[in-house]
Structures are given as C-alpha cells and as structure tokens.
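Structure first, commentary second.
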Amino acid sequence: MKKLFIIILMVTACISAMAQQNVKISGRVTDFEGKPISHCAVMLMDKLFHAVDSVSTDSAGYYLINNVKPGRYLALTAVRWDEYVRFSKLPEQDRRLEFWAWNIIADKDLTINPRYHRLELYGTTAFCPTGTNALMVYTRPMSATEAMKYDEKLYRDSNNGVIDYSVKLEDFKVNAFVDYKEVKILSIQNMTEQYGNQKMEAFLMMLDYTVHYDDSTVHQIRITAENTKHHEKGENICYYQSQDFE
C-alpha cells in the first residue's frame, strides 16, 4: 500500500511537472483607437503554416491560448473573418486584413496584443547580416483598398495577370520599436517580391540597434505603419534572438 501511494505521488508529480512546462499566450485584440475586437480568431501557426491552436476573443477583445508546447512557431495571426477583405459582405470601408506576429519563441508565457486595421504587414523577419552587428528588418505591407480591386477569380488564376496590392515607398510611413522602445530607422529600401502571379512591393530597413552575439535575450520588434494614400494603419511584431542561441 505504501509503495502504491509513492507511485501515485510520483505520477502526480510528473503530470504536474509536465503541465508546468507548457506556456500560455494571451492578450487583447483592438483597433488603433483602442476599441476591442470581439469574436476575432487568434491562431498559432506551426512551420508548415498549420494552425496548432485557435481561440476566439471575448466581448472585451481578450484571448487566451493555454497549454502551448514550448518551442518555436512560425506565427500568430488575428483576423475577424466577417470583416476580412475577400470574404466580407460589409461595406468596403468596414473591411480589414490581418495582424501577424512572426517567429514566436514560446519559451515562457507571452503577452501579444494585436492591433490591426486595413494595412497588413506580412512576412516580417529580423536578422543580422553575417559579419555585422546591424539589425535588419524585412516586411511586406498590403493594402485592403488595393486588394479589393481584384476579384476572386484573379486570385485563383495564376495566368490571369499580375496581382499587386502593396504600398509604394512614398506612401509608407513607418516606425520601429525594439523591446517597447522606439528606435531610429537608419535606412529603408524598397524591393519587389514575386510569388506566382503576385508581385508586391516590400521593404528592407536598417534599425539603429546593435546586435550582440553573446546576448541570449529574445527581443520583440514591433513595426507600425500607415499607408498615407488610403489612410490605412497596420502593425505587427516579430521576435529575434542572436543566431548563436537559436
């Protein structure tokens, strides 16, 4: 009986330890005026772009993803499907795109507070070129106004012309933050990203931030932007850790 009791205690301890190893991701989804976005889908994506978990925000915009297995994930995305540009039946001015957080490093509990409107910042990546200590950030902005110029057939048909609903450099007003502190953007260059029949403007930015190779800290980089041509706002974040600790 004593041995059985000890075994039960050991099993309970193991289960408890395993539960403690998991982490949670939580936050609040709002627009750029601070108004909560309810019934918004928040999805955690693996490296194959599969949703490993999905929850919905409550009436105050809060969400909670429990029991996340520690590790690296491709992204976390937030979107309210009835407002999404290509599916929505709402008036055009009420439609939105998506929020993205990239390179999720879930080694502890994370708080991610998505804000999104009509400008989507996609594929945001931070890196340090070999042999330098400069922090570079790549992002591709997409405009809801421009996206609505294309019908669903054109999205599907790769031989039916070029799709481009990105933002021009002269219309791209952008700010960068590292660990909640604004940093200067030293330079910004526009590039062309080609994928199938989609041809998009993208941007490569050098931030005024020094990367230390002996720094094991996971840094949060937040990019906020505005498409001044259509008065669209957008924001996303990505996480960066020195490559020696990846």
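The values are calculated or read from the model by the stated rules, or taken from the named source; none is laboratory data. Worth saying up front: this structure is predicted, and the values here are computed from it rather than measured. Virtual Cβ from ideal backbone geometry, glycine too; neighbours counted across all protein chains shown. Calculation scope for accessible area: heavy atoms of the full protein, side chains included, ligands and nucleic acids excluded. Shrake-Rupley method; radii C 1.70, N 1.55, O 1.52, S 1.80 Å.
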Query raised in the report: Just for the stretch 52-62: of the residues that are in contact with a Ser or Thr (Cβ under 6 Å, 6 or more places away or on another chain) and open to solvent by less than 70 Å² (accessible area, probe 1.4 Å), which one is nearest to GLN21 (Cα to Cα)?
Result: THR57
Query raised in the report: Taking the stated definitions as given, is TYR84 hydroxyl-bearing (Ser, Thr, Tyr) and within 21 Å of ILE25 (Cα to Cα)?
Result: no
Report summary line: In the stretch 96-129, anything assigned to a loop (DSSP other than H, G, I, E, B) and touching a His at 6+ places or on another chain (Cβ under 9 Å) is listed as LEU97, ARG118
Query raised in the report: In this structure, does PHE49 turn out to be in a loop (DSSP other than H, G, I, E, B), touching a helix residue (DSSP H, G or I) at 6+ places or on another chain (Cβ under 9 Å), open to solvent by 70 Å² or more (accessible area, probe 1.4 Å) and free of Cβ contacts under 8 Å to residues at least 40 places away in the same chain?
Result: no
Query raised in the report: Given the conditions (1) more than 15 Å from the chain's Cα centre (by Cα); (2) modelled with pLDDT under 95; (3) closer than 28 Å to THR228 by Cβ, which single one is not true for GLY71?
Result: (3)
Query raised in the report: Are any of the residues in the stretch 44-54 among the hydroxyl-bearing types (Ser, Thr, Tyr), over 16 Å from the mean Cα position of the chain (by Cα) and over 22 Å from HIS219 (Cα atoms)?
Result: no
Query raised in the report: Tell me, which strands (runs of 3 or more DSSP E) lie completely within the stretch 165-246 with 2 or more residues that are open to solvent by 50 Å² or more (accessible area, probe 1.4 Å)?
Result: 172-178, 181-183, 185-195, 198-210
Report task. Please work out which residue is farthest from the chain's Cα centre (by Cα), limiting yourself to the stretch 33-43 and to residues that are part of a loop (DSSP other than H, G, I, E, B) and surrounded by 15 or more Cβ atoms within 10 Å (Cβ to Cβ). Result -> ILE37
Report summary line: Given (1) among the polar types (S, T, N, Q); (2) closer than 25 Å to THR145 by Cβ; (3) open to solvent by 20 Å² or more (accessible area, probe 1.4 Å); (4) assigned to a loop (DSSP other than H, G, I, E, B), GLN93 misses just (4)
Report summary line: Note on the stretch 204-246: residues of a type in the set (Asp, Glu), modelled with pLDDT of 90 or more and under 20 Å from the mean Cα position of the chain (by Cα) are GLU226, GLU232, GLU235
Query raised in the report: What are the residues in the stretch 63-88 that are within 25 Å of TYR240 (Cα to Cα) and open to solvent by 40 Å² or more (accessible area, probe 1.4 Å), if any?
Result: LEU64, ASN66, ASN67, LYS69, PRO70, ARG72, LEU74
